[in-house]
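A.B. asks: Would you mind keeping the following structure in view while I ask a few things?
The values are calculated or read from the model by the stated rules, or taken from the named source; none is laboratory data. The structure presented is a predicted model; accordingly, all values stated were derived computationally and were not measured. Virtual Cβ from ideal backbone geometry, glycine too; neighbours counted across all protein chains shown.
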Amino acid sequence: MATELTHHTAAQLAEGLRAQQFSAVEVTRAHLNRIAEVDGDVHAYLHIAGNTALATARSVDAALAAGEQLPALAGVPIAVKDVMATQGVPTTCGSAILKGWVPPYDASVIRRIKDARMPILGKTNMDEFAMGSSTEHSAYGPTRNPWDLTRIPGGSGGGSAATLASFTAPLATGTDTGGSIRQPAAVTGTVGVKPTYGAVSRYGLVALASSLDQAGPCARTVLDAALLHEVMAGHDPMDSTSLTGQYPDVVAAARRGALGDLGGVTVGVVRELGGDGYQAGVRQRFDEAVDLLTAAGAKVVEVSCPSFTAALGAYYLILPSEASSNLAKFDAMRYGIRVYPKGVDDPTAEQVMAATREVGFGAEVKRRIILGTYALSSGYYDAYYGSAQKVRTLIQRDFAAAFEVADVLISPTSPTTAFPLGDKLDDPLSMYLQDVATIPANLAGVPGMSLPAGLAEEDGLPVGLQILAPARCDDRLYLVGAAVEAALTSRWGGALLDRAPSLDREAV
Amino acid sequence: MGASGTGETVLAYDEAMAAYDPVMGLEVHVELNTATKMFCGCPTTFGAEPNSQVCPVCLGLPGALPVLNAKGLEGAVRIGLALNCTIASWCRFARKNYFYPDMPKNFQTSQYDEPIAFDGHLDVELDDGTTFRVEIERAHMEEDTGKSSHVGGATGRIHGAEYSLVDYNRAGIPLIEIVTKPLVGAGDRAPEVARAYVSALRDLLRALGVSDVKMEQGSLRCDANVSLRKRVSDDATSSEQKAVPFGIRSETKNVNSLRSIERAVRYEITRQAARLAAGRRVVQETRHWHEDTGVTTAGREKSDAEDYRYFPEPDLVPIAPEAAWVEQLRTTLPEPPAQRRRRLQTEWGFGDLEMRDVVNAGATEAIEATVVAGASPATARKWWMGELARQANTRGLELSALAITPAQVAELQALVDAGTLNDALARQVVEGVLAGEGGPAEVVAARGLELVSDDGPLIDAVEAAIAAHADVADKVRGGKVAAVGALVGAVMKQMRGKADAARVRELLMERLTP
């Protein structure tokens, strides 16, 4: 099994390609075949870009044959979340309103991936406009969790996480506004990183909440995530909020962490992110991880971040407010679908806009647009948006105080393992609670990682461990994450994903 | 209702002023003349093929993000400084949310409660030489919207149109909105104050070099808010008058000439006065100005509760202009227009009335540039206040919009001074330049307008005239020198005007007097 090209890590693929053990075309083709084989069940992809992926692979093979020096991940295929604008390739954000839209430009992060000579396999499914924690809010049908096809793969980036867990891509991109990279990683047994706000350009990412959105890598190992992180991050003059100045070497940190020595590192356990409301199996795996960290030489302390309890409330004011404005542009005037109102002979532009938005947006999107429009209305602004911004400041202060005593913070990524499809669709609040541990990082702009911590005893499904670090200290995530990963894989005798169902037709 | 609308009942202006005291608020939008747009790299050239100057950012495509144009910020700060404003040490952009097809993102990136410049003033000189201080509330940065054209239907407005076209070339052009505090105390001179303020502002912006300030092209647009309150004192500036609460205002949009501003304010005063006098209410609404009929008609009703759901623009980082940079920009400010006018008047030796006419005609810059290009102040004034003013008037253009440059005017005058042209020929050259036939020298060459300076053909014509009008020639020989005029006329006719009349006279006298 592990000898199949689709089951190689990205680092292994990169090494094999450089050593010409196999060609980039073989690697891409293997993934396209795997997609054809299993993605009918998983539905991680919304669009397959086989021809352009193979063309990129061919050019990499030619360059390798000519002895050219190529970027580290050249020839390693990647799946891209459908929220990223890809020139000439449909981009829908999981929404009906953008059905058929083919962007005339590439997002900056796509440009970087193309510059890295990575074949783009296709676009991955997501909750509509990244609103959700289950990928059930996609207008194109849900993605299923490769561990159990009756369960959700997390969201909004369930498609990207599922490509990794179903071995239809070795790497994928995600965006994380409140946990959309980390929570899917947790429930699919994969690795996901939300970098420091501003580390990866937002230019060309269809905005959900501008002040919270951050793109990052999705992978099966910490090292693979670091390799992709390095490709994605970097200053971009097209994004005013893009970071400038020194940025740490995350790949070096991942390699160092894999050696397993965390001596001198202080790890803070966040009191408010755990305990009641967290599934027993999740708590158990988390406690084990704490023991592992201690065994690796880290000093573990408890820290309190009292304002985190207000994070979810603040988030669900700030996010809808920004989203209500960001989504205003979908008005049928310049792109996307256009719907004429029924029974109106000579509709005005306003009526066409309203009819299109009525048909084109799903229920969750409408819910948040209404919330945000209300929160920004005059007379309510101070009480809602204004107060939420104050909470945000308090959360930033809590983080600052915690990082005075700890180098990184840890918590479970998600309170539960993957829940059955349809379970929370009628209960938005319980869906929102999925992100209770991941949201504080977005409100403060600090980086966070989720990596597999094992399987919950009660349901045999993956549990995620979250690591948080101060802004611009993304390397610490990789140092600590790689150490935990090394200890766990040695305990398990292999990667956690080796225990996932094969999904092969003949095996079913 | 016709294309231009019809007016309501109005009160005579004197009657209106006897009963009411006008209060104005003027909002001026200035398009900066930056090479690129406010938040993207698209060019800003006026009049380009529709939708040829657009990109993902100014089209509001999904995923696109704005980046602030540093030149736009610099222009805003310089305008703020020139208006004696305080420059914010920290401020942000805000989103103004509303749906309209010509606004690509369905929000306008603007500024709300944190403008880049605030609390300033501009001293405005009125026709009689007195000064009126206009208090400036704020100057803030924003982006222009696209431009809609409504096709079909009678009014050219969206209602009744068959379809609409949108040109996004204008979307994202940097705008500075300059808002006055309520202008009180102008009394019956309110319309004049409005015109003089926009005129002074235009001069200032032109001197700053930050905008083309072409009202006819929309690079300077004025919205005039007018309200009336009961008059309680003969003196509009008295404290009792100032204590009277403001009335309900109307906002007349996009008035696009100086003269129209004065007329529109005057019309609104008489219209509102008629309503109030009849015991009716003034409706808070936007109004459209009709240049041809000189009236305003109702637009959209506008309540104070209109909710744009402003919030700080999260896609742009806050702006914190460094004090040293602001001070450095302060050193680049031009001489204040009023001071400059006094200096120029002295330098040019113009009388008070002459200078006022020049200023009112908006000819100061043109004359100055013409003098710089080598003409004398008197001749520069003669051209711009005479023939060129007449030409502009005939064409319904502002002087600055005439297709002749100050350098060309100076060149023209040099040709006159050199004896190559006389005044009549020079006027023909002006026609040629305005018709796009090239510069003065080119027009002279192409139309063959040069005076004949070679004496040979002149002498032939002079002798022919003496022979043809022997009786007149005899009178001159007999001492009736005045009769030579008829001979000069004959020669000029023969030369089809292309002769220097003084030289012709000289040649005639040489032959007819001892």
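A.B. asks: Looking only at the stretch B:60-80, count every residue that is β-branched (V, I, T) and out of contact with any helix residue (DSSP H, G or I) (no Cβ under 9 Å at 6 or more places or on another chain) and tell me the total.
C.D. replies: Residues meeting the conditions: 1.
A.B. asks: Also, quick follow-up: Looking at (1) away from chain A (no Cβ under 14 Å); (2) part of a loop (DSSP other than H, G, I, E, B), find the lone condition where B:V371 falls short.
C.D. replies: Only one criterion in (1) away from chain A (no Cβ under 14 Å); (2) part of a loop (DSSP other than H, G, I, E, B) is unmet by B:V371, namely (2).
A.B. asks: Contact list please: Cβ distance under 6 Å, first residue in the stretch B:369-390 and among the polar types (S, T, N, Q), second residue surrounded by fewer than 17 Cβ atoms within 10 Å (Cβ to Cβ), pairs at least six apart or on different chains.
C.D. replies: none
A.B. asks: Take the stretch B:39-56 and flag every residue that is out of contact with any strand residue (DSSP E or B) (no Cβ under 7 Å at 6 or more places or on another chain) and closer than 12 Å to B:E143 by Cα.
C.D. replies: Hit for the stretch B:39-56 is B:C40, nothing else.
A.B. asks: Hey, does the stretch B:163-173 have a residue that's under 30 Å from B:D352 (Cβ atoms), touching a residue at least 12 places away in the same chain (Cβ under 8 Å) and either acidic (D, E) or part of a strand (DSSP E or B) (or both)?
C.D. replies: No, the stretch B:163-173 has no match at all.
A.B. asks: Among the residues of the stretch B:234-261, write down those that are touching a strand residue (DSSP E or B) at 6+ places or on another chain (Cβ under 8 Å) and in a loop (DSSP other than H, G, I, E, B).
C.D. replies: B:A236, B:V244, B:P245, B:F246, B:G247, B:I248, B:R249, B:N256
A.B. asks: Then there is this: Just the residues that are within 11 Å of another protein chain (Cβ to nearest Cβ), free of Cβ contacts under 8 Å to residues at least 12 places away in the same chain and of a type outside the set (F, W, Y), please, taken from the stretch A:375-415.
C.D. replies: A:S377, A:S378, A:G379, A:G386
A.B. asks: In the stretch A:240-251, is there at least one residue being more than 30 Å from A:S324 (Cα to Cα), more than 11 Å from chain B (Cβ to nearest Cβ) and crowded, with 24+ Cβ neighbours inside 10 Å?
C.D. replies: Checking the stretch A:240-251: at least one residue is more than 30 Å from A:S324 (Cα to Cα), more than 11 Å from chain B (Cβ to nearest Cβ) and crowded, with 24+ Cβ neighbours inside 10 Å.
A.B. asks: Can you find even one residue in the stretch B:154-173 that is within 22 Å of B:E262 (Cα to Cα), surrounded by fewer than 22 Cβ atoms within 10 Å (Cβ to Cβ) and modelled with pLDDT of 95 or more?
C.D. replies: No - not one qualifying residue is present in the stretch B:154-173.
A.B. asks: Somewhere in the stretch B:75-97, is a residue farther than 30 Å from A:I369 by Cβ, assigned to a loop (DSSP other than H, G, I, E, B) and within 12 Å of another protein chain (Cβ to nearest Cβ)?
C.D. replies: Scanning the stretch B:75-97 turns up no residue that is farther than 30 Å from A:I369 by Cβ, assigned to a loop (DSSP other than H, G, I, E, B) and within 12 Å of another protein chain (Cβ to nearest Cβ).
A.B. asks: When the stretch B:419-463 is examined, which residues are found to be within 30 Å of B:A473 (Cα to Cα) and without any contact (Cβ under 8 Å) to a residue 12 or more places away in the chain?
C.D. replies: B:D423, B:D454, B:G456, B:D460
A.B. asks: Please go through the stretch B:295-340 and give me each residue that is within 14 Å of chain A (Cβ to nearest Cβ) and touching a residue at least 24 places away in the same chain (Cβ under 8 Å), ordered by number.
C.D. replies: B:Y308, B:R309, B:Y310, B:F311, B:P312, B:E313, B:D315, B:L316, B:P318, B:I319, B:A320
A.B. asks: Which one of A:P153, A:P195, A:P146, A:P184 is at pLDDT 95 or above, more than 14 Å from chain B (Cβ to nearest Cβ) and touching an Asp or Glu at 6+ places or on another chain (Cβ under 6 Å)?
C.D. replies: A:P195
A.B. asks: Out of the residues in the stretch B:98-116 that are out of contact with any Ser or Thr (no Cβ under 9 Å at 6 or more places or on another chain) and either surrounded by fewer than 22 Cβ atoms within 10 Å (Cβ to Cβ) or modelled with pLDDT under 95 (or both), state the one that is nearest to the other protein chains (Cβ to nearest Cβ).
C.D. replies: B:F99
A.B. asks: So which residues in the stretch B:119-150 are of a type in the set (G, A, S), out of contact with any helix residue (DSSP H, G or I) (no Cβ under 6 Å at 6 or more places or on another chain) and outside any loop (DSSP other than H, G, I, E, B)?
C.D. replies: B:G120, B:S148, B:S149
A.B. asks: Here's a follow-up. For the stretch B:257-278, give me each residue that is crowded, with 17+ Cβ neighbours inside 10 Å and either in contact with a helix residue (DSSP H, G or I) (Cβ under 7 Å, 6 or more places away or on another chain) or basic (K, R) (or both).
C.D. replies: B:S257, B:L258, B:I261, B:E262, B:R263, B:V265, B:R266, B:I269, B:T270, B:R271, B:A273, B:R275
A.B. asks: Which residue is surrounded by the most Cβ atoms within 10 Å (Cβ to Cβ), if the candidates are limited to the stretch B:6-61 and must be of a type in the set (A, V, I, L, M) and assigned to a helix (DSSP H, G or I)?
C.D. replies: B:A16
A.B. asks: How about the stretch B:341-362: which of its residues are without any contact (Cβ under 8 Å) to a residue 12 or more places away in the chain and either surrounded by fewer than 18 Cβ atoms within 10 Å (Cβ to Cβ) or at positive phi (or both)?
C.D. replies: Selection gives B:R342, B:R343, B:T346, B:G351, B:L353.
A.B. asks: Mind checking which residues of the stretch B:287-297 are part of a strand (DSSP E or B), under 23 Å from the mean Cα position of the chain (by Cα) and not charged (D, E, K, R)?
C.D. replies: B:H288, B:W289, B:H290, B:V295, B:T296
A.B. asks: So which residues in the stretch B:78-97 are among the basic types (K, R), buried (at least 22 other Cβ atoms within 10 Å of the Cβ) and under 24 Å from B:E306 (Cα atoms), if there are any at all?
C.D. replies: Selection gives B:R95 alone.
A.B. asks: Does A:L259 satisfy being in a loop (DSSP other than H, G, I, E, B), in contact (Cβ under 8 Å) with a residue 40 or more places away in the chain and within 14 Å of chain B (Cβ to nearest Cβ)?
C.D. replies: When the stated conditions are applied, A:L259 does not pass them.
A.B. asks: Sticking with this one: Restricting to the stretch A:79-107, name every residue that is out of contact with any Leu (no Cβ under 8 Å at 6 or more places or on another chain), closer than 19 Å to A:Q214 by Cα and at the interface with chain B (Cβ under 9 Å from one of its Cβ atoms).
C.D. replies: Once the filter is applied, which keeps residues that are out of contact with any Leu (no Cβ under 8 Å at 6 or more places or on another chain), closer than 19 Å to A:Q214 by Cα and at the interface with chain B (Cβ under 9 Å from one of its Cβ atoms), the stretch A:79-107 yields only A:C93.
A.B. asks: Continuing with the same structure: Would you mind listing the helices (runs of 4 or more DSSP H) fully within the stretch A:308-394 where at least 1 residues are over 31 Å from the mean Cα position of the chain (by Cα) and surrounded by 19 or more Cβ atoms within 10 Å (Cβ to Cβ)?
C.D. replies: Per the criteria, A:349-360.
A.B. asks: Something else now. Would the stretch A:365-374 turn up any residue that is of a type in the set (S, T, Y) and free of Cβ contacts under 8 Å to residues at least 24 places away in the same chain?
C.D. replies: yes
A.B. asks: Ok, one more. Could you tell me whether B:D119 is within 13 Å of chain A (Cβ to nearest Cβ), more than 30 Å from A:M84 (Cα to Cα), of a type outside the set (G, A, S) and surrounded by fewer than 21 Cβ atoms within 10 Å (Cβ to Cβ)?
C.D. replies: no
A.B. asks: Test each condition in (1) more than 28 Å from the chain's Cα centre (by Cα); (2) not in a strand (DSSP E or B) for B:D102 and report the one that comes out false.
C.D. replies: Looking at each condition in turn, B:D102 falls short on (1).
A.B. asks: Let me ask another. Scan the stretch A:198-224 for residues that are away from every other protein chain (no Cβ under 14 Å), out of contact with any helix residue (DSSP H, G or I) (no Cβ under 6 Å at 6 or more places or on another chain) and not small (G, A, S) and jot them down.
C.D. replies: The answer is A:T221, and nothing else.
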